[in-house]
Amino acid sequence: MTATTSSSAVTATPAPLTDATRDEASLRRFLHGLPGVDQVGVEQRAAGLGTRSIKKSAKLWAIDTAISMVDLTTLEGADTRGKVRALAAKAKRPDPDRPDTPRVAAVCVYPDMVETAVEALRGTGIHVASVATGFPAGRTSREIKLADTKIAVDAGAAEIDMVIDRGAFLQGRYLAVFEEIQAIKAACGSAHLKVILETGELATYDNVRRASWLALLAGGDFIKTSTGKVSPAATLPVTHVMLQAVRDWFVQTGDLRGVKPAGGIRTTKDAIKYLVAVHEVAGEQWLTPDLFRFGASSLLNDLLLQRRTQADGHYSGPDYVTVD
């Protein structure tokens, strides 16, 4: 990831945004002063963009672009070093019979598996991401969340996916959430921070917009929809709201931040709908793994099958790709 910058980096944050985080009252005033989300409008626009037809040459490009944006993920209690090594091998050569297939963006694992992933991916350019901060519930102390982050970073993680305290956010304790994100960002050092909002628990699009801006103000390099452990996870309308947030942030600051929908995106058709949304809502410059990711485990297999279908002119069948 190279295109994103932190809020303390190249571009100074404009005074109105800095003032917004001065205290609890200022932060509440700013977040509740954001324009409300038109629920009908955003859902209709998402549905409309989802019907766009993609021609063959563009579809091949879209499939390869989506593959390059995948965070190949294993986050199960039964994860083993062998499983992580196998996942890393798939990340490096997603389709062994087709060496022109792009590599994925990252492999995402629990902190105790980071060292294994780093060893397996050394020299490939594929990032190792780690969930942290008491994933997926985040119901632990800040000290433990910081220690969790430090373990992953010290083991070599280049990206940290943290979960926000949804209870504090929904109670309106915005400054507590803001300060915790800032603290985790500082603990990341040079690693990039993806802030998981768990949008399925936020209930309204207005809350998604407020949480997105809160994460951006606190220095998150990416805003991420979900852990994949709560339903609903990623949806197109929610992703629209988050894409609008990073677009508007860029307009105000000149600072590029990313978006990562995660959970429930399983088919090539779904992935292409999200790429269309990225292009139409945020802009073409977000069509890069530096600024858009898919949190997925099963999506890659379908992308590989559809890639073969587009290239060969016939359906290859599921036996031609490895099963995670």
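The values are calculated or read from the model by the stated rules, or taken from the named source; none is laboratory data. Quick caveat, the model's predicted, so the values are computed rather than measured. Heads up, the Cβs are rebuilt from the backbone with ideal geometry, glycines too, and the neighbour counts pull from every protein chain shown. Just the protein is used for accessible areas: all its heavy atoms, side chains included, with ligands, DNA and RNA removed. Shrake-Rupley method; radii C 1.70, N 1.55, O 1.52, S 1.80 Å.
Within region 43-87, how many residues turn out to be crowded, with 19+ Cβ neighbours inside 10 Å and farther than 20 Å from Arg293 by Cβ?
Total satisfying the criteria: 0.
If you scan region 161-184, which residues turn out to be closer than 13 Å to Leu214 by Cβ and either at pLDDT below 95 or open to solvent by 40 Å² or more (accessible area, probe 1.4 Å) (or both)?
Selection gives Leu170, Arg173, Glu179, Gln182.
Take the residues in region 90-143 that are open to solvent by 50 Å² or more (accessible area, probe 1.4 Å) and assigned to a helix (DSSP H, G or I), then tell me which one is nearest to Ile164 (Cα to Cα).
So the residue we want is Arg142.
Please go through region 273-304 and pick out each residue that is under 25 Å from Glu76 (Cα atoms) and aliphatic (A, V, I, L, M). Please lay out each step first, then the result.
In the first step, residues of region 273-304 are kept if they are under 25 Å from Glu76 (Cα atoms); the result is 289, 292-304.
Ala296, Leu299, Leu300, Leu303, Leu304 - these are the residues of region 273-304 that are under 25 Å from Glu76 (Cα atoms) and aliphatic (A, V, I, L, M).
For region 144-158, name all the residues that are touching a helix residue (DSSP H, G or I) at 6+ places or on another chain (Cβ under 7 Å) and assigned to a helix (DSSP H, G or I).
First pass over region 144-158, keeping only residues touching a helix residue (DSSP H, G or I) at 6+ places or on another chain (Cβ under 7 Å): 145-146, 148-153, 155-157.
Residues satisfying the conditions are Lys145, Leu146, Asp148, Thr149, Lys150, Ile151, Ala152, Val153.
Residues checked against (1) modelled with pLDDT under 95; (2) over 17 Å from Val195 (Cβ atoms):
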| site | (1), (2) |
| --- | --- |
| Val230 | yes, no |
| Asp248 | no, no |
| Val251 | no, yes |
| Val278 | no, yes |
| Thr288 | no, yes |
| Leu291 | no, no |
| Ser298 | yes, yes |
| Ser316 | yes, yes |
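For the condition open to solvent by less than 30 Å² (accessible area, probe 1.4 Å) and basic (Lys, Arg), what is the one hit in Lys194, Lys229, Lys273?
Numbers: Lys229 fails: open to solvent by less than 30 Å² (accessible area, probe 1.4 Å); Lys273 fails: open to solvent by less than 30 Å² (accessible area, probe 1.4 Å).
Testing whether each residue is open to solvent by less than 30 Å² (accessible area, probe 1.4 Å) and basic (Lys, Arg) leaves just Lys194.
Any residue at all in region 4-15 that is modelled with pLDDT of 80 or more and not in a loop (DSSP other than H, G, I, E, B)?
Residues of region 4-15 that are modelled with pLDDT of 80 or more, as a first pass: 14-15.
In the following step, the residues that additionally are not in a loop (DSSP other than H, G, I, E, B) were identified as 15.
Checked region 4-15: at least one residue is modelled with pLDDT of 80 or more and not in a loop (DSSP other than H, G, I, E, B).
Let's see how each residue does on (1) basic (Lys, Arg); (2) without any contact (Cβ under 8 Å) to a residue 40 or more places away in the chain; (3) within 30 Å of Ile151 (Cα to Cα):
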{"residue": "Arg22", "(1), (2), (3)": "yes, yes, no"}
{"residue": "Ser53", "(1), (2), (3)": "no, yes, no"}
{"residue": "Ala89", "(1), (2), (3)": "no, yes, yes"}
{"residue": "Asp100", "(1), (2), (3)": "no, yes, no"}
{"residue": "Val104", "(1), (2), (3)": "no, no, yes"}
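Give me the pairs, please: first residue somewhere in region 142-165 and at positive phi, second residue anywhere and among the acidic types (Asp, Glu) and open to solvent by 50 Å² or more (accessible area, probe 1.4 Å), beta-carbon distance under 7 Å, and either six or more positions apart or on two chains.
Final answer for the pair search is Gly156/Glu115.
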